[in-house]
Amino acid sequence: MVFPEESWYLSRVELKQHAAHISGIGAYVPERRLHNEELAQIMDTSDDWIYSHTGIRYRHVAAEEEAASDLAVKAAHGALDAAHLAPDAVDLVLVATSTPDYIGLPSTACVVQDKLRITGAGAMDLVAACTGFIYGLETARTFIAAGAARHVLVIGSEVYSRIVNWEDRKSSVLFGDGAGAVVVSAVDTARSAPAAGHIFPALLGSRGSGAETLCRLHGGTRHPYVPGVTPESATLLQMDGRSVYTFAVAALVEVIQTLLERNRLSFQDIAWVVPHQANTRIITAAARRGGWDAERFYMNIEEYANTSAASIPIALDEMNRKKLLSPGDLLLFVGFGSGLTYGGNLLRW
Ligand code: UT7
């Protein structure tokens, strides 16, 4: 017996495999640009220490009235325009963020869906911290491969300036605000050339044993916020920098090696690695360990600092504007972050 809901569903969804590709990119960073020297005026740090230990010189900081959804919407407009897609054609809105508009509920994706006037689409947030965009891209790819969506809007949007502890020089100087977005679309094999770009299956990893290495310890259901008892600093981001550093270098090497081996590629076949950018030293150490040319890792951390889930799409947008991406290029996105999470995507542009 076929239930009415089931027949409706089967009529809407094509149950066959579809390849997915990125059909549009956009990014937005807040106007306010904060130099290391300005941080040195409010805490015991220096431009020299920050730049030599991280490669960061500036970060952009959201205006008081800007929340994660505001940045996300601006980035999404760019991606939709580039894809020549009306908002209504989007089947699913995914927002990767660890700095949502609201704590836990509702999702920032629903706020974005409303602001973009997208109707008839699902919307959900994805929490994989700095690996969020990689997880989001793979989620979009698999929805499309399953025939459950034709166009998915994937956004990484972060306002870390609201959750860092500005009295902790070890972590606050590392982060910045920003958003990047892509439209992931089913490849129209009837219209596209055979060499049209597509996204290969990703590698996603997790290591929850390191959950408290990089976290906001209080304010959730594990350690609820108790007014008058919980110090404010315990609700803000805290990080064991050394442990994250060690994990990050190993994760980058493992992900790149595994994706290359799985797809029978050598590093020479990759036009660009677009890494999550938390610290230049993490990337150069991983490149050295893997025996890879660090010049092939795209970096713009000097300008934006660590924008978490937004760092890869912000970099991708910049590369696209600089015309660094050519059809047929193989790109490898790789990241790591709180969770602990890690992962990578491989794409043919
Ligand atoms: O997306 C993931 C997010 N997080 C990360 O990727 C972070 C990964 N970790 C790192 O990038 C590095 O561990 C840091 C950049 C956070 C720190 O670099 P480090 O070389 O591991 O420094 P450290 O923590 O061992 O600190 C060395 C010294 C200490 O002083 P003493 O104890 O030796 O006197 C710190 O107090 O540097 C001091 N220090 C600073 N000095 C000036 C730490 N932060 C600062 C600062 N300005 N902002």
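Every listed requirement among (1) open to solvent by less than 30 Å² (accessible area, probe 1.4 Å); (2) within 16 Å of the ligand (Cβ to nearest atom); (3) not polar (S, T, N, Q) is met by residue 260 save one, (2). In the set (1) assigned to a loop (DSSP other than H, G, I, E, B); (2) within 24 Å of residue 147 (Cβ to Cβ), the condition left unmet by residue 100 is number (2).
Taking first residues from region 216-236 that are of a type in the set (A, V, I, L, M, F, W, C) and partners that are in a loop (DSSP other than H, G, I, E, B), the Cβ contacts under 7 Å between residues at least 6 apart in sequence or on separate chains come to 217/223; 234/217; 234/218; 236/163; 236/164; 236/165.
Among the residues of region 220-247, those that are open to solvent by less than 70 Å² (accessible area, probe 1.4 Å), under 17 Å from residue 164 (Cα atoms), out of contact with any Ser or Thr (no Cβ under 8 Å at 6 or more places or on another chain) and of a type outside the set (Gly, Ala, Ser) comprise 230, 235, 236.
In the condition set (1) open to solvent by 10 Å² or more (accessible area, probe 1.4 Å); (2) under 21 Å from the mean Cα position of the chain (by Cα); (3) within 16 Å of the ligand (Cβ to nearest atom); (4) not aromatic (Phe, Trp, Tyr), residue 285 is compliant with all but (2).
Residues that are touching a Lys or Arg at 6+ places or on another chain (Cβ under 7 Å) number at least 3 in the following strands (runs of 3 or more DSSP E) confined to region 108-219: 177-186. Restrict the check to region 163-176 and report whether at least one residue is open to solvent by 40 Å² or more (accessible area, probe 1.4 Å), within 16 Å of the ligand (Cβ to nearest atom) and closer than 27 Å to residue 27 by Cα. So far as region 163-176 goes, yes, one or more of its residues are open to solvent by 40 Å² or more (accessible area, probe 1.4 Å), within 16 Å of the ligand (Cβ to nearest atom) and closer than 27 Å to residue 27 by Cα.
Among the residues examined, residue 320 does not qualify as open to solvent by less than 20 Å² (accessible area, probe 1.4 Å) and either more than 14 Å from the ligand (Cβ to nearest atom) or charged (D, E, K, R) (or both). Taking first residues from region 41-56 that are modelled with pLDDT of 95 or more and partners that are of a type in the set (Ser, Thr, Tyr) and surrounded by 13 or more Cβ atoms within 10 Å (Cβ to Cβ), the Cβ contacts under 7 Å between residues at least 6 apart in sequence or on separate chains come to 54/280; 55/280. Just to check your reading of the model, which residue among 237, 153, 137, 204 is of a type in the set (A, V, I, L, M), within 12 Å of the ligand (Cβ to nearest atom) and out of contact with any His (no Cβ under 7 Å at 6 or more places or on another chain)? When all the criteria are applied, what remains is 237. The set of residues in region 36-59 being open to solvent by 40 Å² or more (accessible area, probe 1.4 Å) and more than 10 Å from the ligand (Cβ to nearest atom) consists of 37, 38, 41, 42, 51, 57, 58. Picking from residues in region 56-72 that are assigned to a helix (DSSP H, G or I) and more than 10 Å from residue 177 (Cβ to Cβ), the one that is nearest to the chain's Cα centre (by Cα) is 72.
The values are calculated or read from the model by the stated rules, or taken from the named source; none is laboratory data. Keep in mind that this is a model prediction, so the values were computed, not measured. Methodologically, a virtual Cβ is constructed for each residue, glycine included, from the backbone with ideal geometry; neighbour enumeration extends over all protein chains shown. These area figures cover heavy atoms from the full protein model, side chains too; ligands, DNA and RNA do not enter into them. Shrake-Rupley method; radii C 1.70, N 1.55, O 1.52, S 1.80 Å.
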